[in-house]
Every structure is written in C-alpha cells, then in structure tokens.
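Visitor: Below you'll find the structure I mean.
The values are calculated or read from the model by the stated rules, or taken from the named source; none is laboratory data. Keep in mind that what you see is a predicted model, and the values were worked out from it rather than measured. Cβ placement follows ideal geometry from the backbone for every residue including glycine, while neighbour counts extend to all protein chains displayed. Calculation scope for accessible area: heavy atoms of the full protein, side chains included, ligands and nucleic acids excluded. Shrake-Rupley method; radii C 1.70, N 1.55, O 1.52, S 1.80 Å.
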Amino acid sequence: MIQIEITLNQKHYKTVTFSTPKTLNEIMADIEAPSCRIVGYKINNEYINGTVRMDKNTRIEIVLFNSYEGLRIYQDSVIFLMNMAFQRLVGDRAIIQVEHSIGDGVYCEVSNTSEKLTESDIEFLKKEMINISNHSYPIEKLTMTIEEAERTFSFLKRFDILKNLSFDTRRSMTVFKCEDYFDYYPRPIAPHTGLLNSFEIVFKEPGFILRFPDQYKCEIKADFELPKLLFAAHQEHDKWLNILKVQTIGDLNKLIDNYKISEFIQVEEALHEKKIAYLADQIKTHKKARFVLIAGPSSSGKTTFAKRLAVQLRVNGFQPLVIGMDDYFLPRSLTPRLENGEYDFESIHSLDLPLLNEHLLMLLEGKEIEIPKYNFVLGARETGGEKLRLKPENILIMEGIHGINDMLTASIPAENKVKIYISALNQLNIDFHNRIATTDCRKIRRIARDFRYRGYSAEETLSRFDSVRQGEDKNIFPYQESVNFMFNSSLTYELGILKKHVLPQLRIINSHSQAYSDAQHLIILLDHIKDIQDDLVPTNSLLREFTYGSVFKY
C-alpha cells in the first residue's frame, strides 16, 4: 500500500492510502477539499504539479489561497489566465503590460497597438476569462532549454521575454502551457484554470485594473475605491521610466552592458533630489505648518528621506528639528499585547499619546519641553532627556510608523501639520507579464539592512516579515490617502546593487526552512538582473541606508 500524508499550515489534514500509483489530482479529487481554495502543492518545500504520479509514501503540503504565498500564486495565475484570454481574442496584434499593483489589484495597459481600449473590450476579456476558467484546463509546467524558449517566444512575438533571454546564463527555464498558450512566470502557477474563478476587471482609462479576492475572506470586495494619490504616484514614476526608456530588467541589463548605467543612476538620483526639493518648496507654502509627519512601510527609506528633506528645508530658510516617536513608548507594564500574549509594539496605543500631544501643543505655543528618554532594555522611561523649544525658524520633523494617523497628533490643528507618505513603489518589471512586487523589493532592502546593521540572517528577516506586513496593513496602509504628499523612494537600479548583499544569505536557507520558498523566489528574481558596482551609488542616496557608506549618521 502507498500512504500519502497531507498537511495544511504545517498540521496534519488527511492520510490517504491506495494500492496503485495515482496522480496528485486524482488523489485530491477523492478527498474532501479544504474550505479555502488550493493553489499549489509542495513536497519538501519544492512545488510539484498536480499531474505528478505518487508511487511511494510521502508527505504533501497543500498551499492555500489565504496564505501570503498562496495569494501571490493565485494573483500570478489570474494574470496568466487574463493573458491567455487576451491572446485568444486578439492573437499577437497587441499585448497586455502589467504595470503595477494598486488597491487589491494590478493596473494594466495594452501595448503594441494604436487602438484605444474601451469598456466593451474589457467585458469581452472578462467573458473569455470566465469561459477558460469554466473549462478547468490543466496548466502544465514545462522545462525548456534557453534555445527552445527563444524559438517559442520568437514565434509568439514576446520580445520582452527575448530581451531577458539574451542576458540569461541558465541552460534551461520553466515555462507554463495551457492548451496552445505559453507564458513565462518565475513563481508557480495554479494546477488548472478551474481554480481561477474569482476576479474582477475595472476599466480605468487608458487601461484597466485586474482585481483579486481578499486574502482572508477569499472573495472580491463589493466596492472598489481607487486610491487616487497612490495611483498618481505610480503613474508619475511610470512617466519617469518612459523618459529614461527603462521598463523591464532587460532594458536595465542593456544599460549595464553598454556602460551607461552610471549616467542612468545620476539621472534617477537627480529625479529623487528634485522631488524632495519640490516637497520642501510646498511645505514652505503651508504658512502655518510647524510639524512634518512622515510614515511609510518597513524599508521605505524613511530615515534618509527625512534627513534629505531637512537639508532642503534648510535651503528654504528653516531650521528643522527632529523628535523620535520611540521615546514616547509607554512603560512595558502598560504596553498592549497581541492575542498570543506578546507585546504589540506596533500598536499606536503602545505610545503615550496624551503626553506626546501635550508636548506638541506646548511646542506650538512656544514653550519648552523635555523629551522623554526611553530605556528599551528596562522597558521604562528615564529622566534627563533633551530640552526643546520651537522657535519661529524651526519646523519639527517626526518620522515613524504612525506618523500619518491623525490619532497620533489629535490635538494639533490640520493647518499646523504636513503629512508625507513614503514607500518604495517599484515600477520595474521582469517582463510585460511579470511585475516585481513592491513587497519583494522591500524584503530585499530589509535583508541587506538587517544583516549588516542588526545581525539578523535572511531567514530570520523573511520569517518575521508576515507579521511586519500585518502591522502595516493595520497601522499604515489605511491612512495613506489622507496625506498631503507622497514620495516614491524606489530606485529602478537598486536590485542590481542589493543583489550581491543578499544572494549569499538567501542561498544558505535550506529546504527544511519555512522561509525556503520565499528565498527561492527572491533568488530567481535577482538572477534576472546583472550586478552593479556599489561605488556608483551617491553617498546621500536612500539606497545607502540599506548597504553602507551613507553621508548621513543613523
């Protein structure tokens, strides 16, 4: 007898026995499915296809939609479905370009055509996607030599993939096939199209937004509200890349090969500086502004941004002062706890809000305050902190996770505050169908910084990132549209710099680690890009916060 143990979330789910070999799809068809959608299967942390025959005792892990890993697989699979449907409708006359994430979906435009997209076009696309999903076509995972892949994608006129293949040093690559449709994805794809029955498409001229289900409720939210400020920030950066003629990793690799990457870096850093100077100019027009509040998700470059903004504010005649929110933590005995009993340091209620607001009001009135001094070892506040008074030429900069939450500064009138949201909103794609998620870029930044400055391994950083992301979902993202300004800290060239700093750490994560799949995904991503030497990065760059050699002190 053959015995198969099936696990969910590292816990036993079912044990199945049978006498003759069966495919994984056949096994799953005979048992009660989990309540949440299955998007993949793993043996020893390696993904396998549903068509694999089980002929010996083994343990299979089911990957569900409601995990972060499962959500990304589902999203890529629906993008695969969308592009398959689009090819059936228009052939090779045009191609969809997945631009960037937005809200609970991704924004897409149609390239290689002069025809204008209409709402009726979107309806046709949606109907064809539903049709393909209803047929439950199997999605095959194929291994092709680079030469075979070049022939296949040349025939399909996928010049975006061919551009990358010209820099590819691998001997083979994974390609996914469904019926007569071929496409490349570096992440696993769902085993068949029947699983891909939850999505929505919203027309947003000149493109559209492909929406995905909520990770926890496993269904599409009824109402969709476009985050306008965030969308505008993405579109602004997209225009930059169009000006610089860099949209995919292949474009960036070509600059590196042609010894033009130094000039590209200088231009992109100049664009950053110009935007920071613009923000300083705008703050000056807010005549009653006394406080600049900065917030953004982990590894956005908040600290360096705040220091560079302070420099530009000095140019405009201000004398900026800085308060660290960490000094306003409550004593450990008053710190709120999570459900598992651990301290919830990311909760806004872990800060002494009454004291902070009292101090800010005193500063606004021209009075002197003594900033508390927090001892993180003892979890207690100490006396002897710095004394501070806000003079007419001063402006106070506060940077931290809750900066843009009005609860933090509830006593301060809106006219006295300028709120800035900062995030690394990556626009660079692998190819037209494979975006590089902002979350992946932030993970790579954080791995580099944590290893160099905090002594954490890549495995430790990846293992705790889900909890970091949950804190951001709760404490940062809901407030991002309430700000006065947004700043995109992404640098298109940064993966070429960070690659050498993180790859050695990622490669030592073994297959028994829960961080293994995530590490392998990041390795594959970084393997697409060529290395860029560190000394090309200016010493005041936000990127230096994650490597070394910054002109700023932290």
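Visitor: For the chain, what is the percent of antiparallel DSSP beta bridges, rounded to the nearest 5?
Guide: Roughly 70 percent of the beta bridges in the chain run antiparallel, per DSSP.
Visitor: Where both residues lie in region 1-131, what percent of DSSP beta bridges are antiparallel, nearest 5?
Guide: DSSP beta bridges in region 1-131 are roughly 80 percent antiparallel.
Visitor: Please compute the Kirkwood hydrodynamic radius over the chain, one decimal place, Å, based on all pairs of different Cα atoms.
Guide: 25.6
Visitor: Can you order the peptides 7-20, 168-181 by their average number of other Cβ atoms within 10 Å per residue, highest first?
Guide: Packing proxy ranking, top to bottom: 168-181, 7-20.
Visitor: OK, next. In whole Hz, what ³J(HN,Hα) sequence does region 206-218 give by Karplus (6.51, -1.76, 1.60; θ = phi - 60°), x for Gly and Pro?
Guide: x, x, 7, 10, 8, 9, 10, x, 5, 4, 9, 8, 6
Visitor: Skipping prolines and chain starts, which residues have an amide H placed within reach, meaning under 5 Å, of the one on LEU321, given they are 5 or more residues away or on another chain?
Guide: ILE395, LEU396, ILE397
Visitor: Report the relative contact order of region 1-74, percent, no decimals, based on alpha-carbon pairs under 8 angstrom and at least 6 residues apart.
Guide: Relative contact order comes out at 37 percent.
Visitor: Further question on the same structure: For region 288-410, what number results from the quotient of the Cα radius of gyration and 2.2 N^0.38 Å?
Guide: Relative to the 2.2 N^0.38 Å estimate, region 288-410 comes out at 1.10.
Visitor: Hey, another quick one. Give the peptides 69-76, 54-61 in descending order of average Cβ contacts within 10 Å, highest first.
Guide: By packing density, highest mean first, the sequence is 69-76, 54-61.
Visitor: Another question, then. How fast does region 360-514 diffuse by Stokes-Einstein, in µm²/s, taking the Kirkwood radius from C-alpha pairs at 37 °C and 0.692 mPa s?
Guide: The diffusion coefficient I find is 173 µm²/s.
Visitor: If you don't mind, another one. Probe radius 1.4 Å, ligands and nucleic acids left out: which of SER77, SER463 has the largest accessible area, and how do the rest follow?
Guide: These residues rank, largest area first, as SER463, SER77.
Visitor: Something else about it: Can you name the helices of the chain, as whole DSSP H runs, whose Cα span along the helix axis is 18 Å or more and whose Kyte-Doolittle mean is not below 0.5?
Guide: Helices passing the filter in the chain: none found.
Visitor: With the contact rule set at Cα under 8 Å and sequence spacing of 6 or more, what percent relative contact order holds for the chain?
Guide: Over the chain, the number comes to 14 percent.
Visitor: Students often forget the sequence filter, so: which aspartates and glutamates lie under 14 Å Cα-Cα from LYS228 once same-chain residues fewer than 8 apart are removed?
Guide: ASP104, GLU205, GLU236, GLU481
Visitor: Now for a separate question. Using the 2.2 N^0.38 Å rule of thumb for compact globular proteins, work out how region 175-300 stacks up: its C-alpha Rg over that value, please.
Guide: 1.50
Visitor: Right, next: Full-extension gain between GLU358 and ARG151, please, as 0.36 nm times their residue separation minus the C-alpha to C-alpha distance.
Guide: The span from GLU358 to ARG151 would gain 67.7 nm if fully extended.
Visitor: Let me know the Kirkwood hydrodynamic radius for region 189-231, please, with Cα pairs as the basis and the value in Å to one decimal.
Guide: 12.2
Visitor: Run the Debye formula on the Cα coordinates of region 1-132, all scatterers equal and no solvent, and tell me log10 I(q)/I(0) at q = 0.09, 0.19 1/Å.
Guide: The Debye formula, applied to the Cα set alone, gives -0.39, -1.04.
Visitor: Quick one: Karplus J couplings for region 326-333, per residue in order, coefficients 6.51, -1.76, 1.60, θ = phi - 60°, nearest Hz, x for Gly and Pro?
Guide: Those phi angles translate into 4, 6, 9, 5, 6, x, 3, 5 Hz.
Visitor: Per residue of region 372-389, in order, report the coupling 6.51 cos²θ - 1.76 cosθ + 1.60 (Karplus, θ = phi - 60°) as ³J(HN,Hα) in whole Hz, putting x for Gly and Pro.
Guide: So the J values, rounded to whole Hz, are x, 10, 9, 9, 6, 5, 8, x, 8, 8, 10, 8, x, x, 5, 8, 9, 9.
Visitor: How high is the relative contact order of region 406-554, in percent, with contacts defined as C-alpha pairs under 8 Å that are six or more residues apart?
Guide: 28
Visitor: Another question about this same structure. Could you work out [θ]222 nm for the chain from helices alone, using -39500 (n - 2.57) per DSSP H run of at least four and dividing by all its residues? Round to the nearest 500 deg cm²/dmol.
Guide: -11500 deg cm²/dmol
Visitor: Ranked from the most accessible area to the least, with a 1.4 Å probe and all protein chains present, what is the order of HIS286, HIS135?
Guide: Largest accessible area first, the list is HIS135, HIS286.
Visitor: Next up: Of HIS528, HIS237, which has the most accessible area and how do the rest follow, probe 1.4 Å?
Guide: Greatest to least solvent exposure: HIS528, HIS237.
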